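Colleague: I have a structure here, written as C-alpha cells, and I will follow up with some questions on it.
The values are calculated or read from the model by the stated rules, or taken from the named source; none is laboratory data. Values in this document were obtained by computation on a predicted structure and should not be read as measured data. Every residue, glycine among them, receives a Cβ derived from its backbone with ideal geometry; neighbour counts consider all protein chains shown.
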Amino acid sequence: MNKDSLHRFIENTTGNACNICQIYVIKDGKTVYEDNWRGFKTDDCMHVMSVTKGITSLLTGIAIDKGYIKNTDQKVIEFFPDYQVKRGEKTIYDVTLRHLLTMTAPYKYRSEPWTKVCTSDDWTKAAMDLLGGRNGITGEFKYATLGIQIMAGVIENASDMKLIDFANEFLFKPLGIPEYSIHGDSSKEDQFDYLMNKKPRKNEWYSDPKDTVTAGWGLCASARTLAKLGEMVLSGGMYEGKRVLSEEYITDMLTPKLKLGERFGYMEYGYLWYKPIENKNVYAAIGDSGNIIYINRDENVAVGITGTFKPLIYDRVEFIEKNVLKVI
C-alpha cells in the first residue's frame, strides 16, 4: 500500500477506518506523512476522547518536575485541604496519585454517575465525593473517566494555576501548539453535541462551570498536535532541543504497572498510557473512536490519528502497524 492507495482506502471504506479525519506521522524528528479526510484540514481539531487522559498524565509529570507535586505516591487528600470528608469514609485518606494514574483507585459506585457529576457546579469535588468506599484499596483495575477529573484539581491546587493555563504555558507552547481555550458551556445538550458533532473544531478543551477542564475526556486536537506530543514522549521529554518533561517521569509513565483483561485486549498499563503489544516498544494514549497517539521506539516514529465519533473502534494500533507504517 502506498500513500495514494491508503488515502483512497480510508476515503471509500465502510469499515473501522471510515471515520478517520486526519493522520500525521513524524519519523526521526521529521514529518513524513500527513493526510486529511471528511472535509478536515491539517489545523482542524476533533474531540479525541480519552486520549485526553494521556495528556493529563504528561501534565502530572510536568507538575512533578516543577516541584508542585512531590511524587506519585502523595496522598490525594493532601491537595484538597478544604474538602469535607463524608462521615464514616476512611479509604479516601489512603488513595494516592499513583492509584488515580493506574486506574486502581476505589470508587463508591458500580457504573460511573455521569449525570450526577456533569450537572454539578464543581466536577472535581463531585468526583472526590465518589472516591473511597468500604472495600478499601484492593489494587483492582477500574476504568474511571470521572475519577481522573480529580487530577485536574490536584494540579490546579498544587500550582495555583487553572489547568488550561498550566497546559498552555508548560506543554502546548513549548511544542509550538496553538493556545487552547476553554469550551465554555457545560449543559447536557452541549455535552451531547460535543461528543457527537462530526464537524471540525478549534483548539478547545471542555470545562466545568468553574472553568476547570475535563481531565479524562474533552480535549480537541489535530492529528499534528497528537503526533507532536508523541514525538516529545518518544524523544524522552525533549522537543527541538528543549526539555519539556523529564525522561525519568516518561520512563515511569510508560513502564507497565499492571496487565489488563480481555475487555482491554490484554494490554499493559502505565500512567494512563497503554503498552499494546507485549514484545514491542510500542506505547499509546488511546481514546474511543480510534483517536490515538502512537509511538514506536524501535521505528522512532510517532503517529497521531483523529476520528469522528463511532463506537467500538479499538484496532487503531493494528491499523497503524499494518497500513500507516508501510506507507512511510
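Colleague: Quick one: N291 ticks every box in (1) over 25 Å from K198 (Cβ atoms); (2) touching a residue at least 24 places away in the same chain (Cβ under 8 Å) bar one, so which box is it?
Modeller: (1)
Colleague: Continuing with the same structure: Of the numbered conditions (1) surrounded by fewer than 19 Cβ atoms within 10 Å (Cβ to Cβ); (2) of a type in the set (S, T, Y); (3) outside the structural domain of K198 (by TED's automatic domain parsing), T96 satisfies every one except a single condition; which is it?
Modeller: Every listed condition holds for T96 apart from (1).
Colleague: Would you please list the contacts, defined by Cβ atoms under 9 Å and residues six or more apart or on different chains, that run from a residue in region 240-268 that is farther than 22 Å from R316 by Cα to a residue that is among the basic types (K, R)?
Modeller: K257/R98
Colleague: Going by the conditions given, is F192 surrounded by fewer than 23 Cβ atoms within 10 Å (Cβ to Cβ), touching a Phe, Trp or Tyr at 6+ places or on another chain (Cβ under 9 Å) and aromatic (F, W, Y)?
Modeller: Numbers: surrounded by fewer than 23 Cβ atoms within 10 Å (Cβ to Cβ): yes; touching a Phe, Trp or Tyr at 6+ places or on another chain (Cβ under 9 Å): no; aromatic (F, W, Y): yes.
No; evaluated as a whole, the condition is false for this residue.
Colleague: If you check I164 against the conditions, is it at pLDDT 95 or above, assigned to a loop (DSSP other than H, G, I, E, B) and of a type in the set (A, V, I, L, M)? I'd like the intermediate steps shown before the answer.
Modeller: Numbers: at pLDDT 95 or above: yes; assigned to a loop (DSSP other than H, G, I, E, B): no; of a type in the set (A, V, I, L, M): yes.
Spelling it out, it is not the case that I164 is at pLDDT 95 or above, assigned to a loop (DSSP other than H, G, I, E, B) and of a type in the set (A, V, I, L, M).
Colleague: List the pairs whose first member sits in region 89-112 and is within 21 Å of I69 (Cα to Cα), whose second member is of a type in the set (S, T, Y) and assigned to a loop (DSSP other than H, G, I, E, B), and whose Cβ atoms are under 6 Å apart, counting only residues at least 6 apart or on separate chains?
Modeller: L97/T72; R98/T72; L101/Y271; M103/Y143
Colleague: Among the candidates T255, T251, single out the residue that is polar (S, T, N, Q), touching a strand residue (DSSP E or B) at 6+ places or on another chain (Cβ under 9 Å) and either within 19 Å of W205 (Cβ to Cβ) or in the same structural domain as K198 (by TED's automatic domain parsing) (or both).
Modeller: On the way: T251 fails: touching a strand residue (DSSP E or B) at 6+ places or on another chain (Cβ under 9 Å).
Sole residue among the options that is polar (S, T, N, Q), touching a strand residue (DSSP E or B) at 6+ places or on another chain (Cβ under 9 Å) and either within 19 Å of W205 (Cβ to Cβ) or in the same structural domain as K198 (by TED's automatic domain parsing) (or both): T255.
Colleague: Of the numbered conditions (1) under 28 Å from K259 (Cβ atoms); (2) in a helix (DSSP H, G or I), A144 satisfies every one except a single condition; which is it?
Modeller: (2)
Colleague: Having 1 or more residues that are β-branched (V, I, T) is the bar; report the helices (runs of 4 or more DSSP H) wholly within region 68-136 that clear it. So that I can check it myself, show each step before the final result.
Modeller: Details: elements: 97-101, 114-118, 123-128.
Because the criterion is at least 1 residues that are β-branched (V, I, T), the helices (runs of 4 or more DSSP H) in region 68-136 that meet it are 114-118, 123-128.
Colleague: State which residue is nearest to K41 (Cα to Cα) when the search covers only region 270-306 and only residues that are in contact with an Asp or Glu (Cβ under 8 Å, 6 or more places away or on another chain) and basic (K, R).
Modeller: Looking at the filtered set, the residue picked out is K275.
Colleague: Scan region 147-161 residue by residue and report those that are in a loop (DSSP other than H, G, I, E, B) and either touching a strand residue (DSSP E or B) at 6+ places or on another chain (Cβ under 9 Å) or without any contact (Cβ under 8 Å) to a residue 24 or more places away in the chain (or both). Give the steps one after another, and end with the answer.
Modeller: Residues of region 147-161 in a loop (DSSP other than H, G, I, E, B): 147-148, 160-161.
Within region 147-161, G147, D160, M161 meet the criteria.
Colleague: So in region 58-89, with the set limited to residues that are buried (at least 19 other Cβ atoms within 10 Å of the Cβ) and in contact with a strand residue (DSSP E or B) (Cβ under 8 Å, 6 or more places away or on another chain), which one is nearest to G270 (Cα to Cα)?
Modeller: Looking at residues that are buried (at least 19 other Cβ atoms within 10 Å of the Cβ) and in contact with a strand residue (DSSP E or B) (Cβ under 8 Å, 6 or more places away or on another chain), I get T72.
Colleague: Select, from G236, G216, the only residue that is among the small types (G, A, S), surrounded by fewer than 22 Cβ atoms within 10 Å (Cβ to Cβ) and assigned to a loop (DSSP other than H, G, I, E, B). Before you say what the answer is, go through the steps one by one.
Modeller: On the way: G216 fails: surrounded by fewer than 22 Cβ atoms within 10 Å (Cβ to Cβ).
From the options G236, G216, the qualifying one is G236.
Colleague: Checking F166 against (1) in contact with a Gly (Cβ under 9 Å, 6 or more places away or on another chain); (2) over 14 Å from M103 (Cα atoms), only one condition comes out false. Which one?
Modeller: Just one mismatch for F166, condition (1).
Colleague: Follow-up. Can you tell me which residue in region 48-67 is farthest from G304 (Cα to Cα), limited to those that are in a helix (DSSP H, G or I) and of a type in the set (S, T, Y)?
Modeller: Narrowing region 48-67 to residues in a helix (DSSP H, G or I): 51-65.
Subset that is of a type in the set (S, T, Y): 52, 56-57, 60.
Values: T52: 13, T56: 17, S57: 17, T60: 21 Å.
Out of the qualifying residues, it is T60.
Colleague: Is it fair to say Y249 is modelled with pLDDT of 95 or more, buried (at least 16 other Cβ atoms within 10 Å of the Cβ) and over 13 Å from the mean Cα position of the chain (by Cα)? Before the answer, list the steps.
Modeller: Working: modelled with pLDDT of 95 or more: yes; buried (at least 16 other Cβ atoms within 10 Å of the Cβ): yes; over 13 Å from the mean Cα position of the chain (by Cα): yes.
Yes, satisfied.
Colleague: Name the one entry in A227, A284 that is assigned to a strand (DSSP E or B), under 24 Å from G29 (Cβ atoms) and under 17 Å from the mean Cα position of the chain (by Cα). I'd like the intermediate steps shown before the answer.
Modeller: Working: A227 fails: assigned to a strand (DSSP E or B).
Exactly one of A227, A284 is assigned to a strand (DSSP E or B), under 24 Å from G29 (Cβ atoms) and under 17 Å from the mean Cα position of the chain (by Cα), namely A284.
Colleague: Looking at region 287-295, is at least one residue more than 15 Å from the chain's Cα centre (by Cα) and more than 18 Å from L219 (Cα to Cα)? Talk me through it step by step, then tell me what you get.
Modeller: Kept after step one, since they are more than 15 Å from the chain's Cα centre (by Cα), are these residues of region 287-295: none.
Within region 287-295, none of the residues are more than 15 Å from the chain's Cα centre (by Cα) and more than 18 Å from L219 (Cα to Cα).
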